[in-house]
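*Asks:* Got a structure for you, written out below as structure tokens; questions coming shortly.
Since every read-out is calculated from the coordinates, none of them should be taken as a lab result. Values in this document were obtained by computation on a predicted structure and should not be read as measured data. Using ideal geometry, Cβ is built from the backbone for each residue, glycine included, and neighbour counts are taken over all protein chains shown.
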Amino acid sequence: MNPVIGLDVFKGESMAQAFLDKGLPYLKVFRFKHTTEGLTRFRKYMKDLQDEAGTPPTIVLEATGHYQSPLIPVFEELGYVYLVINPLLSKTARKRKLRNVKTDAADAHLLGELFYKEELQPELKRGTPLLNLRHLTRFYESISDMYVQTKLQFHAVMDQVFPEYIGVFGDTFSKVSLRLLLRFPTSEKVLQLGKTELIEAIKELTPRARSVRWAEERSERLIAAAERNPFKSSTMSSHFVSLGILVQSLLQYQEHLSQLETQIDALAEDIAAFDLLRSIPGIGNKIAATILSEVGEIERFDNAKKLVAFAGLDPSVFSSGKFTATQNRISKRGSKRLRLALFLAVRCGLRLSVNQKIKAYYDKKRTEGKGHKVAVIASANKLLHWIFAMLKNKTTFVDLA
């Protein structure tokens, strides 16, 4: 017999449907919670199936992010093979059925049936350093998104309180600028101070590397901005409450991002492939860490085309009868984070022609009549082929050239 368990995983619970062999379901659907008691019951369920079939079952489940985390250690402890499949595969199989049924029990049954219909490959366990790196790079991206949204909210409030403050400092979001704004959020408070007191306040918040003359120039700019500001007196008090919270949030986000960058660099430095990726002109620490964490072990990919498909850079294909489409979009069915990192790497390489090889390939595509976006996508595809060769052969970009 060839037993299998189809496992539909959701938050805190799972639904299991076991098969002794193709077309031979074992008992009814089994539901359990991801608790100590629930996992103990599931262990017994799997053991009973193994005793009945005479061989360990294979587990089939969809990729569900972190929801499946409590289950994986159980499979590994028992030595069971588990297959984590792309949800698109089960969605396609569901569409082939005449009846449109979508329940947890039906999904578990479908996953078990897929095992006998498709050539599914076992999940290759990823190394802990790369998993840690992926978690931190994704968390960094999440914090960066919140930081950007807070910046937008900050600008909206400043337009109603102190719009002329923007531009006083070279970087409005520098620590000196934000901390000074916490002290003097209105033009009224700035003008109440004397120039000497304002210079002292700026010097107190300024790193020692800055000169006294720099503090004097910023104080003059700030006074001029306060005089130009249309809101001389206090407006709605709610704006100042919002502004204070937003400024403190921006400072906290900056601190969190700085800590994450330090941790990401420390993790990436211990991985040999990190230096290989940084040898590519236009790729710095952040982009290299993102590409490395998303690709993972290069052994997971037999050839460069599979890696390209994983990034969602492979062209979609449409052909029907005598018609074959000649203008196809990329599939975008892979890792969007990897895809974005590659686009950024290409753009950085094109800027000031830092990466001569990618610039030459981009110019070639433009000469062929391709548009800018198409040429950038093609360059990202080519760059990923080079990355595949570098990681497989453990060579730097210079050696590859």
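*Asks:* What is the distance in Å between the Cα centroid of the range 132-206 and that of the range 39-74?
*Replies:* 52 Å
*Asks:* Hey, got the dipole for the chain? About the Cα centre, +1 on K and R Cβ, -1 on D and E Cβ, debye to the nearest 20?
*Replies:* Approximately 1480 debye in magnitude.
*Asks:* Another question about this same structure. Return the calculated 222 nm mean residue ellipticity for the chain, to the nearest 500 deg cm²/dmol, obtained by summing -39500 (n - 2.57) across DSSP H runs with n ≥ 4 and dividing by the residue count.
*Replies:* -18500 deg cm²/dmol
*Asks:* Moving to a separate point now. Place a +1 charge on the Cβ of each Lys and Arg in the range 41-90 and a -1 charge on the Cβ of each Asp and Glu, then give the dipole magnitude about the Cα centre in debye, rounded to the nearest 20.
*Replies:* 120 debye
*Asks:* Classify the range 4-117 as rounded, prolate or oblate from the Cα gyration tensor: take a ≥ b ≥ c as the square roots of its eigenvalues, call it rounded if a/c is under 1.5, otherwise prolate when a/b beats b/c and oblate if not.
*Replies:* oblate
*Asks:* Here is a follow-up. Which ³J(HN,Hα) values in Hz, rounded to whole numbers, follow from the phi angles of the range 133-143 under the Karplus curve 6.51 cos²θ - 1.76 cosθ + 1.60, where θ = phi - 60° and Gly and Pro get x?
*Replies:* Listing the rounded values in order: 5, 5, 4, 6, 5, 6, 5, 4, 4, 5, 5 Hz.
*Asks:* A further question follows. Dipole magnitude of the range 83-228 about its Cα centre, charges +1 at Lys/Arg Cβ and -1 at Asp/Glu Cβ only, in debye to the nearest 20?
*Replies:* 640 debye
*Asks:* Cα-Cα over 24 Å: which of LYS22/LYS95; LYS11/LYS102; LYS22/LYS332; LYS286/LYS359; LYS151/LYS373?
*Replies:* Pairs exceeding the cut-off: LYS22/LYS332; LYS151/LYS373.
*Asks:* Taking a ≥ b ≥ c as the square roots of the Cα gyration tensor eigenvalues, with a/c under 1.5 meaning rounded and otherwise prolate when a/b beats b/c, else oblate, which class fits the chain?
*Replies:* Verdict is prolate for the chain.
*Asks:* Also, I was wondering about something else. Sequence-distant or interchain residues sharing an amide H contact under 5 Å with ILE85, placed H: which?
*Replies:* Amide H neighbours of ILE85: LEU61, GLU62, ALA63.
*Asks:* Listed highest first by mean packing, meaning other Cβ atoms within 10 Å per residue, what order do 352-365, 288-301 come in?
*Replies:* My ranking of the peptides, most packed first, is 288-301, 352-365.
*Asks:* Please arrange ASP314, ASP270, ASP159 by counting, for each residue, the other beta carbons lying within 10 Å of its beta carbon, fewest first.
*Replies:* Starting with the residue having the fewest Cβ neighbours, the order is ASP270, ASP159, ASP314.
*Asks:* If you build a Gaussian network model of the chain, linking Cα atoms that sit under 10 Å apart, which residue out of TYR253, TYR140, TYR80 swings the most?
*Replies:* Comparing TYR253, TYR140, TYR80 in a Gaussian network model of the chain, the most mobile one is TYR80.
*Asks:* If you count the DSSP beta bridges with both ends in the chain, what percent of them are antiparallel, to the nearest 5?
*Replies:* Just about 70 percent of them are antiparallel.
*Asks:* Among 383-395, 187-199, what's the highest-first ranking by average C-beta atoms within 10 angstrom per residue?
*Replies:* Per-residue mean Cβ counts within 10 Å order the peptides as 383-395, 187-199.
*Asks:* Using a basic spin-label model with each label point 7 Å from the Cα along Cα→Cβ, how many nm lie between LYS195 and TRP214?
*Replies:* Going from the LYS195 label point to the TRP214 one covers 2.1 nm.
*Asks:* For q values of 0.15, 0.25 Å⁻¹, compute log₁₀ I(q)/I(0) with the Debye formula on a Cα-only model of the range 81-157, without solvent.
*Replies:* Values, matching the q order: -0.76, -1.11.
*Asks:* Please arrange ARG221, ARG329 by how many other C-beta atoms lie within 10 Å of their C-beta, fewest to most.
*Replies:* With the fewest neighbours first, ARG221, ARG329 line up as ARG329, ARG221.
*Asks:* So for each of 105-117, 49-61 I average, over its residues, the number of other beta carbons within 10 Å; can you give me the resulting order with the highest mean first?
*Replies:* Highest-to-lowest ranking by the protection proxy: 105-117, 49-61.
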